[in-house]
Amino acid sequence: MKKVILLTGYCTPFVFLAMNEDALYGSLWFYLFMIAGFGALSFICGKTENLRIVYAGNILSFISSCVFAWNFQIPKWEYYFKPFLPNQLIIFETVIAVVIQLIIYMTFIRHK
């Protein structure tokens, strides 16, 4: 049951929400929300030793962010996020988020 709840939490399109807030309002607060959300989920996965959930959850979050970006294509994004295209930036931010989560995960596994 815990795995289903964690995967459901990971289905949140954190990267899309952060990029959308940045593009529409010029605010970076949702990037902190993204880091906090991913951090909390990876912390829980670290405590329960569910590394597969971290990987599967990031794939689900990436897919949901791509689906939202694809369905809500905002023309301003292509100019706002130069030199990246929105899809490239989603990939870049997801990779950075995975690295941060793995650091958090490994920190709590070592100190158990």
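The values are calculated or read from the model by the stated rules, or taken from the named source; none is laboratory data. Small disclaimer: the values here were computed from a predicted structure and weren't measured. Quick reminder, even Gly has a Cβ in these numbers, built from the backbone with ideal geometry, and neighbours come from all protein chains shown. The protein model used for the area step is the full one, side chains on, heavy atoms only, and it has no ligands, DNA or RNA in it. Shrake-Rupley method; radii C 1.70, N 1.55, O 1.52, S 1.80 Å.
Can you give me the number of residues within the range 33-65 that are open to solvent by less than 40 Å² (accessible area, probe 1.4 Å), assigned to a helix (DSSP H, G or I) and either among the polar types (S, T, N, Q) or farther than 26 Å from Met106 by Cβ (or both)? Qualifying residue count, the range 33-65: 5. The set of residues in the range 16-32 being of a type outside the set (A, V, I, L, M, F, W, C) and not in a helix (DSSP H, G or I) consists of Gly26, Ser27.
Checked against (1) in a loop (DSSP other than H, G, I, E, B); (2) in contact with a helix residue (DSSP H, G or I) (Cβ under 7 Å, 6 or more places away or on another chain), Phe68 meets all criteria but (1). For the range 79-101, the candidate set comprises residues that are part of a loop (DSSP other than H, G, I, E, B) and of a type in the set (Phe, Trp, Tyr); within that set, the residue that is most open to solvent (accessible area, probe 1.4 Å) is Phe84.
Among the residues of the range 1-32, those that are farther than 21 Å from Asn87 by Cβ and either surrounded by 14 or more Cβ atoms within 10 Å (Cβ to Cβ) or of a type in the set (S, T, N, Q) (or both) comprise Lys3, Leu6, Leu7, Thr8, Gly9, Ser27. Total residues in the range 68-94 satisfying the condition of being closer than 14 Å to Ala23 by Cα and among the aromatic types (Phe, Trp, Tyr): the figure is 6.
The number of residues in the range 21-75 being at pLDDT below 90 and polar (S, T, N, Q) comes to 6. Between Ile5, Ile59, the distinction of being within 14 Å of Ile91 (Cα to Cα) and either among the aromatic types (Phe, Trp, Tyr) or without any contact (Cβ under 8 Å) to a residue 12 or more places away in the chain (or both) belongs to Ile59 only.
The set of residues from the range 8-50 being in contact with a Ser or Thr (Cβ under 8 Å, 6 or more places away or on another chain) and farther than 17 Å from Glu93 by Cβ comprises just one member, Gly46. On inspection, Lys76 qualifies as touching a helix residue (DSSP H, G or I) at 6+ places or on another chain (Cβ under 9 Å) and open to solvent by 50 Å² or more (accessible area, probe 1.4 Å).
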